[in-house]
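Only one structure is covered here, and it is reproduced in the block below.
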Number of protein chains: 2
Amino acid sequence: MKITEITQWLTDKKLKVTPQRVAILEAIICLNNHPTADAIVEYIRDKNPNIAVATVYKVLDVLVENGLIHKVKTEIGLMRYEAASENHHHIYCSDSDRIDDYFDEELNQLLDSYFRNKRIPGFDIENIKLQIIGKYNTNH
Amino acid sequence: MKITEITQWLTDKKLKVTPQRVAILEAIICLNNHPTADAIVEYIRDKNPNIAVATVYKVLDVLVENGLIHKVKTEIGLMRYEAASENHHHIYCSDSDRIDDYFDEELNQLLDSYFRNKRIPGFDIENIKLQIIGKYNTNH
DNA sequence: ATTATTGCAAAGACTTTGCAACTCC
DNA sequence: GGAGTTGCAAAGTCTTTGCAATAAT
């Protein structure tokens, strides 16, 4: 992942480009596994040992507000983060804390047309996310 | 909601019937709005002023483990709870903390048949939950 | 130069733990 | 009576706040 690209995302959103912001975005992209705030700090401390935990939280908030990243909900009340990307769903492993992305355009269209026909009275749908819960049956 | 029925649920799971457990189940059912642990304490304190917060958490854990209630994930990392019931989905209001249930058997069957055809390699699906995010457009 | 961001430490919110006292079966 | 549960207070974990120092445009 090129840093110039990350920089561009920030400037596109009229956000100041700081080393911390770049590092955090880079971490989320490289880790690519819906890291917690803590995992992000760990990752960044290699290059940037002085980054404050509070800074990470503040930056994450800004990035979420600006749509550059998303929060991912977990069963255990810990927040995890992912880079914004195409509308996708999540696969939750029921016996570990693994979360994977699930991209399926056919499914998205199916849901789309389903809810275009069957509306929910008094409610405007903005987004639909599936949580697919189950177990991996092969060595992963 | 009759207390005898709640008692039955507990005995069916071979759990000891204590006033606290009954009160907590009763609270979740009566509140019927995916209460937080705190909201449950609030509700119970009327009748049972001495209940300890820690007890509520411990009981909630036991109830979740035994499948009598479920945890509901929120954006903000707060756990909420609901009585176990038919497989259903959740409607999240994007500008409040309101969460509603969404029952739709047709949708369940659609998803079921979709994933029976299109399997996810190496993964056994146990459950699929939709998070339907949007806004209420009428006074609610 | 101006405005926003960072780092630090302290506080806050929510949840868990440990253990003696107590209850349910 | 014995195993399991409760209440309490203390500790733990994750996250936020306040503010002076610092850095970005």
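Compare the Cα positions of B:Leu31, B:Val41, B:Thr11 along the charge dipole of region B:3-83 (+1 at Cβ of Lys, Arg; -1 at Cβ of Asp, Glu; about the Cα centre) and return the one farthest towards the positive end.
It is B:Thr11.
Is there a simple number for the mean count of other chain Cβ atoms within 10 Å of the Cβ of residues in A:124-137, and what is it?
Rounded to a whole number, the mean comes out at 6.
Taking the Cα centre of the protein assembly as shown as origin and charging only Cβ (+1 Lys, Arg; -1 Asp, Glu), how large is the dipole, in debye to the nearest 20?
Computed about the Cα centre, the dipole is about 560 debye.
Mind grabbing the accessible area of B:Phe103 for me, 1.4 Å probe, Å², rounded to tens?
That residue has around 120 Å² of solvent-accessible surface.
How large is the helix-only mean residue ellipticity at 222 nm for chain B, computed as the sum of -39500 (n - 2.57) over DSSP H runs with n ≥ 4, divided by its residue count, in deg cm²/dmol to the nearest 500?
Rounded to the nearest 500, it is -12500 deg cm²/dmol.
Quick one: work out the % antiparallel among DSSP beta bridges in region B:89-134, nearest 5.
Once the DSSP bridges in region B:89-134 are tallied, antiparallel ones form about 50 percent.
Looking at the square roots a ≥ b ≥ c of the eigenvalues of the Cα gyration tensor of the protein assembly as shown, which shape do they give, rounded for a/c under 1.5, prolate if a/b is larger than b/c, or oblate?
Note, shape of the protein assembly as shown comes out prolate.
Which distances, shortest first and in nm, link B:Ala54 to the matching position in the other copies, using label points set 7 Å out along Cα to C-beta?
Going from nearest to farthest copy, the values are 3.0 nm.
At 1.4 Å probe radius, can you tell me the per residue accessible area of region A:89-134 in Å²? Could the numbers behind the result be given before it?
Numbers: 2350 Å² over 46 residues.
Per residue, region A:89-134 has an accessible area of 51 Å².
Peptide A:115-122: average number of partner chain Cβ atoms within 10 Å per residue?
The per-residue average across the peptide is 3.
Tell me, for the rotation carrying B onto A, which chain B residue has the beta-carbon closest to the axis and what that distance is in whole Å.
Whole-Å result, nearest residue of chain B to the axis: B:Lys73, 2.
Using the structure shown, list the pairs from A:Lys2/A:Lys129; A:Lys73/B:Lys71; B:Lys2/B:Lys71 with a Cα-Cα distance above 20 Å, or answer none.
Cα-Cα > 20 Å for A:Lys2/A:Lys129; B:Lys2/B:Lys71; rest within.
Run through the DSSP bridge list for chain B and note the antiparallel percent, rounded to the nearest 5.
70 percent
Would you give the gap between the C-alpha center of region A:57-79 and the C-alpha center of region A:80-129, rounded to a whole Å?
Rounded to whole Å, the Cα centres lie 17 Å apart.
Could you pull the accessible area for A:Cys30 with a 1.4 Å probe, rounded to 10 Å²?
About 70 Å², rounded to the nearest 10.
Going 7 Å from Cα along the Cα-Cβ axis for the label, what nanometre distances separate B:Pro121 from the same residue across the other copies?
4.6
Given the whole protein assembly as supplied and a 1.4 Å probe, what does the accessible area of A:Val17 come to in Å², nearest 10?
Rounded to the nearest 10, the figure is 60 Å².
What list of ³J(HN,Hα) values in whole Hz, one per residue of region A:105-122 in order, does the Karplus curve 6.51 cos²θ - 1.76 cosθ + 1.60 (θ = phi - 60°) give from phi, with Gly and Pro shown as x?
Karplus-based 3J(HN,Hα) across region A:105-122 equals 5, 4, 5, 4, 5, 4, 5, 4, 6, 4, 7, 6, 7, 9, 7, 9, x, x Hz.
How far is A:Glu86 from the same spot in each other copy, in nm, shortest first, if each label point sits 7 Å from Cα toward Cβ?
For A:Glu86, the other copies' label points sit at 3.5 nm, shortest first.
What's the magnitude of the charge dipole for chain A around its Cα centre, counting Lys and Arg as +1 and Asp and Glu as -1 at the beta-carbon? Answer in Debye, nearest 20.
In debye, rounded to 20, chain A gives about 420.
Under a 1.4 angstrom probe, counting protein chains only, how are B:Lys16, A:Lys2, A:Lys58 ranked by accessible area, largest first?
The ordering from most to least exposed comes out as B:Lys16, A:Lys58, A:Lys2.
Explain nothing, just the number: relative contact order of chain A, from Cα pairs under 8 Å at least 6 residues apart, as a whole percent.
Once divided by the residue count of chain A, the mean separation gives 19 percent.
The values are calculated or read from the model by the stated rules, or taken from the named source; none is laboratory data. These numbers were taken from a predicted model, which means no experiment stands behind them. Here Cβ is always computed from backbone atoms with ideal geometry, including for glycine, and neighbour counts include all displayed protein chains. Note: accessible area is taken over every heavy atom of the protein model, side chains too, but ligands, DNA and RNA are not part of it. Shrake-Rupley method; radii C 1.70, N 1.55, O 1.52, S 1.80 Å.
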